[in-house]
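Inspection log for the structure reproduced underneath, given as structure tokens.
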Amino acid sequence: MTSARVVVDADVCISSGRCVAERPDVLRFDADELAEVVPGAPDLPTDTAVALARGCPSGAITLLDTGTGAEIDVD
């Protein structure tokens, strides 16, 4: 099974909180109430990470393949 690293673009985040509620082990709110990756957060199974990214209403979450570093298409 492949895994993915979650990346959040703070310039795109609209603070909906869906991601933080779904995966508080991976994402939290920063001081500006924007989602950020928790330091030391675990990588996620790719299918789990894709579902998380697809649930972001602003598209602020991107995923990187932990094996290759390539961006994973979530569409």
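Here, each number is a calculation from the coordinates, and none is a lab measurement. Since the model is a prediction, treat every value here as computed from it, not as a measurement. Heads up, the Cβs are rebuilt from the backbone with ideal geometry, glycines too, and the neighbour counts pull from every protein chain shown.
So the values come out like this:
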| quantity | calculated |
| --- | --- |
| Relative contact order of the stretch 3-65, pairs being alpha-carbon contacts under 8 Å that are 6 or more residues apart, as % | 50 |
| Hull shadow area, averaged, the chain [alpha-carbon convex hull, nm²] | 4.6 |
| Amide H contacts of A4 (H built 1.01 Å from N, under 5 Å, at least 5 apart or other chain) | L44, T46, T66 |
| Integer Hz, Karplus 6.51/-1.76/1.60 couplings in order for the stretch 41-56, x for Gly and Pro | 4, x, 5, 10, x, 3, 5, 5, 5, 5, 4, 4, 5, 5, x, 6 |
| Selected from A70, V8, L44, residue furthest toward positive end of dipole (the chain; charges at beta carbon) | L44 |
| Hz values of 3J(HN,Hα) by residue in the stretch 14-25 - Karplus curve (6.51, -1.76, 1.60), Gly and Pro given as x | 10, 6, 5, x, 4, 5, 5, 5, 6, 9, x, 7 |
| Under 5 Å, built H, 5+ apart or other chain: amide partners of L34 | none |
